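The values are calculated or read from the model by the stated rules, or taken from the named source; none is laboratory data. For clarity, every value in this text was computed on a predicted model and none was experimentally measured. Note that each Cβ is placed from the backbone with ideal geometry, even for glycine, and that neighbours are counted across all protein chains shown. Quick note on the areas: whole protein, heavy atoms, side chains included, nothing else; ligands and nucleic acids left out. Shrake-Rupley method; radii C 1.70, N 1.55, O 1.52, S 1.80 Å.
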Amino acid sequence: MFRGKNYKESAKLVDRTIMYDPADAFDLVIKASKAKFDETVELHIKLGVDSRHADQQVRGAIVLPNGTGKTARVLVFCKEERVKEALDANADFAGGQDLADRIVNENFFDYDVVVATPDMMGIVGRLGKILGPKGLMPTPKAGTVTANIEQAIDEIKAGKIEYRLDKTNIIHCPIGKVSFGTEKLVENYQALLDAVIKAKPAAAKGQYIKSCVTASTMGPGVKINALKLA
């Protein structure tokens, strides 16, 4: 893989043989950030589970203490009489069959999170093959299938993120921006790690957290000692 000059310079700062304490790891991520924009800082947690088994799934949602640094765009599926309520609560889009038709016919994806009231799941369920692969399908576990539209939108706008395993048993989540500084990034990291640990499936055997790596958008990965509390 081709790596640019900035990446190569940043990579020299990181000792890949070391698992850093959380604060030291985020210090390095910040120092290694060379881009001309405020890079997103991500966390990648590999778990000792098998996502192919239903009883070993790890999925949930959490409001990060310091948000993500990005205001999510929210689409709400609701009955016509609740559209104004959703828009007044700062939803970016709200509607029913009209929005479903736009998604199907116009490839409409100008939003980051989908919320649905329970009585709309008949319509939303038919979009599963479209929304599912993009990680946009609302679920009760993530708090995105709910009758409380205002609360759901407030939490999402405040920095609520959903975490879930991919096919390689890794959770990938944004936890802030480089501009947050070390302290806020550590707080967000600890909150997410605590949530993942609490979500450990009863069927999981052996070492649960296999590895934990953080990196900025354009920067090198930094290994974190996940057993060391911040």
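Filter the stretch 165-194 down to the residues that are closer than 22 Å to residue 135 by Cα, open to solvent by 20 Å² or more (accessible area, probe 1.4 Å) and in contact with a Phe, Trp or Tyr (Cβ under 9 Å, 6 or more places away or on another chain) and list them by number.
172 - this is the single residue of the stretch 165-194 that is closer than 22 Å to residue 135 by Cα, open to solvent by 20 Å² or more (accessible area, probe 1.4 Å) and in contact with a Phe, Trp or Tyr (Cβ under 9 Å, 6 or more places away or on another chain).
I want to confirm something. Restricting to the stretch 1-27 and keeping residues that are charged (D, E, K, R) and modelled with pLDDT under 70, which single residue is most open to solvent (accessible area, probe 1.4 Å)?
Looking at the filtered set, the residue picked out is 5.
Out of all the residues in the stretch 195-230, which are over 12 Å from residue 23 (Cα atoms), open to solvent by 20 Å² or more (accessible area, probe 1.4 Å) and part of a strand (DSSP E or B)?
Correct list: 209, 210, 211, 213.
Given the stretch 58-155, what strands (runs of 3 or more DSSP E) lie entirely inside it while holding 1 or more residues that are out of contact with any helix residue (DSSP H, G or I) (no Cβ under 7 Å at 6 or more places or on another chain) and open to solvent by less than 60 Å² (accessible area, probe 1.4 Å)?
Counting at least 1 such residues, we get 59-63.
What number of residues within the stretch 28-50 are over 22 Å from residue 70 (Cβ atoms) and either under 21 Å from the mean Cα position of the chain (by Cα) or modelled with pLDDT of 95 or more (or both)?
Within the stretch 28-50, residues that are over 22 Å from residue 70 (Cβ atoms) and either under 21 Å from the mean Cα position of the chain (by Cα) or modelled with pLDDT of 95 or more (or both) number 5.
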